[in-house]
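Report on the structure given below.
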Amino acid sequence: LCIALLSLAMANPIFLPGDSTNFETNDPSAIVFILDDSYSMATQTNQKSYYTRAVKALLDTNESLPVKSIYSVVLGSSPNRVLQHWTMEPEKAKNLLKLNQPSSRTTEIGRAIKKSLSLLEEVPQKNKLIYILTDRDKNGWNQEEFSSISETTSHTFNIVDFSEMKHGINKAAVEHTEVQQEFLSTSRVIRIKVKIANLSQLKPVNKLKVSLWINGKEQAEGTLDIPTNSSTEKEFSLPLQSNNPINGEVRIEDDSLLKDNLRFFSYQPDQTIKTLVVDGDPNTVEHQSETFYLERALNPFTSSLSNIELTLSTLAELSKRNLFDYSVIILCNVHNLPFGYEQELEKFVLRGGALFVTLGNQVDAKFYNEKLGNILPVFLKSVHQVAKNDEPFRFLIKPSKHPVLKIFKERTLEEMKSIEFQSIYSVEARENSKFTTPVVFSNNLPALIESTTGKGKVILFVSSIDRDWNNFPIQPTFLPWIQRWIKYSARGLDNLIQKELLVGEPFDWKNPPKNGTAYIVAPEGKIITPPYVGGNITFKNTYTPGVYQLYRSSRTPNLESEASIPAHLPYGAEPAGSFTVNIDPTESHSTKISNEEINNLLPKANIIFSNGYQKLNLNKTNAGIPLSKYFMMLVGAMLLLEGWLVRNE
């Protein structure tokens, strides 16, 4: 017996519990590693990111694969990419991963699994496995992506969670920035509104440091208190010194995830408010035209003192105008609009344009009520006319805190009481509409209605803007009153090419230079000459957050299907605008998907859950137990027993 046990010990046997996922048979295997490289994987713990630890785990596993095993690496962010196609050489992945860092993208585990399954179909190995190295952020497990996977795959998955290693805390994230230009004050002012989220579900964030940076220099700083699991807004304002483009960012103090601690913005200030005035009742006798008094009030003495640059248009000319060349559009007693034009007007307002509507005897109330329902918050009901000897309608004058009205002194308000209105439209609120009535008549009927649609303002004045229905245009208060309303509504949008995109969203340059070459300078300084397709440019390489600068030159345009990368901008290239790219803030909210939810997404799969902080040999689901020492111990026991028996004899 001793000889038998000694022989077994010398054979170095191992006990392995039965499991279909281990490699104890040394059979060649095919393994796909899904490496989550979304930006939340850059979260730092003890000066190392989840991503760094996931890469180390992947490389350690590769070193101990069975002989002739092959592996592939799929990156889990959107869009998914095969970083390393099938290979047996561990060094290949090591060299590639040394150059790779967490992206600025979100996670798409479902699509990564689809790509992995497709790769596994290419190879003959019987032992096939998928490892998912991730932080298990729930937003990356889109249920719709799993509908075609759940009923087909019976593969084994080992899901390794590195977020359980968390010691640092991702306290907050900058979710949104919005830039507006203020024309209402005597000096031009830029306002930057920022929205910041507290990512903790357990405690508030107190005195969070927030700073504003313009063109690389810090301009302002403040602090914010944010309640648990909510967002708070803060507004910065600064005087506008020039008309040069403003490129900036809002930053918050560092926490364990740096990528969501800043957000970029760009803005091209306007020197003037470009305003399109549509005359719905033109006349060959100049002073009888609908817009005669309005034109002189907005641009008195044909000077630029008002900062309002007027363009007059008839209704017949309107369809030839590009609305996005203007910040404000004023419809003056317009009967109706060209067919389908209300949709263009709606787009203009949604994107931040201002619409000012005045009424009169040419207005088709039925058209306004049926076609402008997405813009106007009220229905036009009927025209109220004052009988010959009756008292006219008058403004109900009282002190107001509204930004337009608050500057008017008591004497000016008294003067406004003398304004007489002979005709006005009564209105009725649309269902679920939201609006305010900053100016009303003495009978409490609305005189002016203000609403917000999308990013834009809509203002409705229920009387005419000429002398047909009132004597307001010849009163001294008319000029400051109408100028302030136009300046208040303006958002400085004459360069609507500026837009904010999320990482990976394409930029569509709708009206690029036709007789020259377009250039895009990426945040890292790379210059790209994008190709024209059908006269337009669609730029897809928006994977780096930051400000992208647009330029044009008189050189021959690039008509190739592929973008070229020149070394520098040509002499004479002129700025043509900019756009910003920022991360999708949904990745910052680290709600974790549960084991049960994953099992429901992959009901037929064999799933093993592991924690990245444990010292695991990831290529084995159950470690083998060496038996040689136990056999040696039995040999020793047998010899002792034999010696004891001999002595007792």
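The values are calculated or read from the model by the stated rules, or taken from the named source; none is laboratory data. Keep in mind that this is a model prediction, so the values were computed, not measured. FYI the Cβ positions are ideal-geometry reconstructions off the backbone, even for glycines, and counts take in every protein chain you see.
Key figures
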item	result
In the range 317-332, the residues that are without any contact (Cβ under 8 Å) to a residue 24 or more places away in the chain and touching a strand residue (DSSP E or B) at 6+ places or on another chain (Cβ under 9 Å)	E317, K320
Residue in the range 278-288 that is assigned to a strand (DSSP E or B) and at pLDDT 90 or above present	yes
Condition met for V82 (under 18 Å from S116 (Cβ atoms) and either in contact (Cβ under 8 Å) with a residue 12 or more places away in the chain or outside the structural domain of N158 (by TED's automatic domain parsing) (or both))	yes
Selection within the range 523-544 - free of Cβ contacts under 8 Å to residues at least 40 places away in the same chain and among the aromatic types (F, W, Y)	Y532, F539
Set L262, L355: member being touching a residue at least 40 places away in the same chain (Cβ under 8 Å), crowded, with 22+ Cβ neighbours inside 10 Å and of a type in the set (A, V, I, L, M)	L355
Whichever residue in the range 279-297 is surrounded by fewer than 23 Cβ atoms within 10 Å (Cβ to Cβ) and aliphatic (A, V, I, L, M) and, among such residues, is nearest to L501 (Cα to Cα)	A297
Subset of the range 448-466 [among the small types (G, A, S) and either buried (at least 21 other Cβ atoms within 10 Å of the Cβ) or free of Cβ contacts under 8 Å to residues at least 24 places away in the same chain (or both)]	G456, S463, S464
Out of E414, E391, sole residue that is at pLDDT below 95, part of a helix (DSSP H, G or I) and either in the same structural domain as L345 (by TED's automatic domain parsing) or of a type in the set (S, T, Y) (or both)	E414
Unique match (being modelled with pLDDT of 90 or more and not in a loop (DSSP other than H, G, I, E, B)) among E144, E175	E175
Strands (runs of 3 or more DSSP E) within the range 498-543 that include 3 or more residues not acidic (D, E)	517-521, 537-539
Answer from F339, F265 - the residue that is more than 24 Å from I459 (Cβ to Cβ), assigned to a strand (DSSP E or B) and of a type in the set (F, W, Y)	F265
Members of the range 530-543 found to be farther than 21 Å from N247 by Cβ and surrounded by fewer than 18 Cβ atoms within 10 Å (Cβ to Cβ), listed by number	P531, V533, G534, G535, N536, T538, K540
